[in-house]
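Here the structure comes first, spelled out in structure tokens, and everything after it is commentary.
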Amino acid sequence: MTAGGQAEGAGAGADPASARLPSRVAKLLSALFYGTCSFLLVLINKALLTTYRFPSPIVLGVGQMAVTIMILYVSKLNKIIHFPDFDKKIPTKLFPLPLLYVGNHISGLASTSKLSLPMFTVLRKFTIPLTLLLETIILGKQYSLNIIVSVFAIILGAFVAAGSDLAFNLEGYIFVFLNDIFTAANGVYTKQKMDPKATEFNQWKNVLFIIQFLLSCFLGFLLMYSTVLCSYYNSALTTAVVGAIKNVSVAYIGMLVGGDYIFSVLNFVGLNICMAGGLRYSFLTLGSQLKPKQPVDEENISQDLKV
């Protein structure tokens with residue numbers, strides 16, 4: 001028997017379930033990749049929509065989706081990736097994912113332009129309790145008391161921060177809560193199965209703006225890919241948790257850059273409560289997911305069944 005044949009024989013004798021399980025390295029790298037892409041995209045989108053005052057989040061979102069489609073199409077032509085050609089049954093099979101993706105995309109960009117980064121990241125943490133609730137209802141998952149306490153801290157901190165937000169923007173709050181709902185629903189369902197003002201924008205000749213705009217479009221594709229990768233190797237909840245960890249650094253950076261955060265003691269306390277709850281929740285969830293499962297003693301099970 002050749003070495004290849006021996007390897008095949010060994011693989012055949014291994015537990016098929018364990019062979020399908022993703023490694024800890026794959027889980028960590030996919031989560032890190034998603035967190036990095038999400039972190040960079042939030043900062044660049046904030047610069048485009050606030051610093052440069054780009055007037056249309058919709059155009060930016062369309063640009064990101066167009067680049068995503070183009071990369072996928074070129075990759076398929078060059079046989080880098082493989083996916084089936086368009087079929088009339090595909091929209092029905094994928095529903096409601098396309099609708100959730102578009103809603104998540106547009107509401108996220110709109111809320112980014114109307115809220116300071118600290119408040120945006122804190123309010124985005126409502127994705128975690130929403131994801132937990134949807135996973136409990138749709139996927140039938142159950143969570144420990146420690147997880148629930150951490151979620152309560154997130155909600156409490158967010159309410160304290162929001163109640164003392166001196167730059168309160170109702171439209172921004174509505175968009176960010178819609179974004180939370182779309183993000184949570186999109187993650188759970190994934191696991192289970194042009195504006196005239198934009199064309200007249202005066203920064204189109206600014207090379208630095210164009211570079212950031214194109215980078216945002218490319219990062220839109222990377223974020224979509226990294227989200228799917230993270231959800232595949234981990235869970236929808238872990239993807240939300242990684243986003244929450246990323247939001248901590250974005251929130252504190254946003255206090256120094258952007259120029260639209262108004263400091264108040266109560267608001268700052270609320271932000272920190274929410275951040276602490278989010279971090280504790282994140283480490284509890286990731287720690288439980290990265291724990292190796294205890295091997296099942298098949299011999300004892302078979303003896304118990306015989307008895």
Can you work out the accessible area per residue across region 107-237, with the rest of the protein chains kept in place, probe 1.4 Å, in square angstrom?
-> 48
Subtract the Cα-Cα distance of Ser144 and Ser23 from 0.36 nm times their separation in residues, and report this length gain in nm to one decimal.
-> 41.2 nm
Accessible-area value, Leu170, 1.4 Å probe, nucleic acids and ligands omitted, Å² | 110
Pairwise label distance in nanometres, Arg53 with Asn202, each label 7 Å out on the Cα-Cβ vector | 0.8
Please go through the residue pairs Lys76/Lys205; Lys46/Lys141; Lys79/Lys125; Lys141/Lys246 and name each one whose alpha carbons sit more than 31 Å apart in this structure.
-> Lys76/Lys205; Lys46/Lys141; Lys79/Lys125
From the backbone phi of region 139-144, what are the Karplus-calculated ³J(HN,Hα) couplings (6.51 cos²θ - 1.76 cosθ + 1.60, θ = phi - 60°) in whole Hz, Gly and Pro given as x?
-> 9, x, 7, 10, 10, 6
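The values are calculated or read from the model by the stated rules, or taken from the named source; none is laboratory data. Because the structure is predicted, anything quoted here is derived from the model rather than measured. Quick reminder, even Gly has a Cβ in these numbers, built from the backbone with ideal geometry, and neighbours come from all protein chains shown. Please note that ligands, DNA and RNA were not included when accessible areas were found on the heavy atoms of the full protein model with its side chains. Shrake-Rupley method; radii C 1.70, N 1.55, O 1.52, S 1.80 Å.
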